[in-house]
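A short worksheet on the structure shown next.
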Amino acid sequence: MERRETDLPGVWELQPEIFRDLRGFFVETYHQKKFSEVEIDDCFVQDNCSVSIKGTLRGLHYQLRHPQAKLCRVAEGEVLDVAVDIRVGSPTFGKCAVVILSAEKQNQIYIPTGFAHGFLALTERVQFLYKCSDFFDAADEHGIIWNDPAIAIPWGVTNPLVSPKDAKLPKLMDVSPTLLPRFGMR
């Protein structure tokens, strides 16, 4: 397992070893001991799968009282995956990390708690899989608008397919600090 730094400390791209032959390939997508060796010790309690068509943008989402670290990968297709530091007091507050995840590369992104997360489907069909360190709680769901100019995420699209709920999310500067995580708290 190779851990690569991104533009945000603590958000890492991970590249597991892929064993390929004429039949296809084999990859360990999660191995608790190997993840612990690269400083990922979260206990993941929920697995999710999202299927999207090209141009679908999901996010930017986070939970406050039940924060979720996420381990994301793509089983089919390719996405532009984004983490945004929304921790009040963080030296990288409002900054983003961007990683292209693909089924071909079998790479992953680890996003610790305190970050908003979203992705854009780059191929005709995407199967996006992610582990969460806490359970989904609809009453605790929050978000930031995908095209917040202060964050300036390089999505490469101007009119993605966005859910009505995500289209109404606020800009980061319009979110009360009481509804954002604090830097240094887990």
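Coordinate-derived values only; no laboratory data. This structure is a prediction, so every number in the text was calculated from the model and none was measured. Note that each Cβ is placed from the backbone with ideal geometry, even for glycine, and that neighbours are counted across all protein chains shown.
Any idea how far the Cα center of segment 1-21 sits from the one of segment 103-127, in Å? Spelled out, the Cα-based centre of one part sits 13 Å from the other. Of the GluC sites (Glu not before Pro) in segment 1-84, the ones in a loop by DSSP (not H, G, I, E or B) with at most 13 other beta carbons within 10 Å are Glu17, Glu28, Glu39. Note on segment 78-144: the C-alpha convex hull projects to 5.4 nm² when averaged across all orientations.
Per-residue ellipticity at 222 nm computed for the chain from its helices equals -1000 deg cm²/dmol, with DSSP H segments shorter than 4 residues left out and the rest contributing -39,500 (n - 2.57).
In the elastic network of the chain, a GNM with C-alpha springs shorter than 10 Å, the most mobile of Thr56, Thr158, Thr123 is Thr158.
In the chain, the convex hull through the Cα atoms has an average projected area of 10.6 nm², a quarter of its surface area. Highest mobility in the GNM of the chain, judged by mean-square fluctuation with C-alpha springs under 10 Å and restricted to Arg87, Arg20, Arg73, is found for Arg20. Its Cα centre serving as origin, segment 1-134 has a Cβ charge dipole (Lys and Arg +1, Asp and Glu -1) of approximately 280 debye. The C-alpha radius of gyration of segment 112-186, expressed as a fraction of 2.2 N^0.38 Å, stands at 1.23.
Of Phe35, Phe26, Phe44, the residue with the greatest mean-square motion in the GNM of the chain, using alpha carbon springs below 10 Å, is Phe26. Classify segment 1-82 as rounded, prolate or oblate from the Cα gyration tensor: take a ≥ b ≥ c as the square roots of its eigenvalues, call it rounded if a/c is under 1.5, otherwise prolate when a/b beats b/c and oblate if not. In terms of gyration-tensor shape, oblate. Counting lysine pairs in segment 62-186 that sit 8 or more residues apart in sequence, or on different chains, and whose Cα atoms lie under 24 Å apart gives 12.
Of Ser102, Pro160, Thr92, which is farthest on the positive side of the dipole of segment 71-186, counting Cα position, with +1 on Lys and Arg Cβ, -1 on Asp and Glu Cβ, and the Cα centre as origin? Result: Thr92, furthest along the dipole toward the positive end.
Take every pair of alpha-carbon atoms less than 8 Å apart whose residues are at least six positions apart; their mean separation over the length of segment 2-178 yields a relative contact order of 30 percent.
Using θ = phi - 60° in the Karplus curve 6.51 cos²θ - 1.76 cosθ + 1.60, the 3J(HN,Hα) couplings for segment 159-166 round to 9, x, 7, 10, 5, x, 5, 5 Hz; x is entered for Gly and Pro. Here the Karplus curve 6.51 cos²θ - 1.76 cosθ + 1.60, taken at θ = phi - 60°, turns the phi angles of segment 25-31 into couplings of 8, 9, 8, 7, 8, 7, 9 Hz, with x standing for Gly and Pro. Fewest-first ordering of Ser52, Ser163 by other beta carbons within 10 Å of each residue's beta carbon gives Ser163, Ser52.
Taking Cα centre as origin and charging only the Cβ of basic (Lys, Arg, +1) and acidic (Asp, Glu, -1) residues, the dipole magnitude of segment 58-155 rounds to 200 debye.
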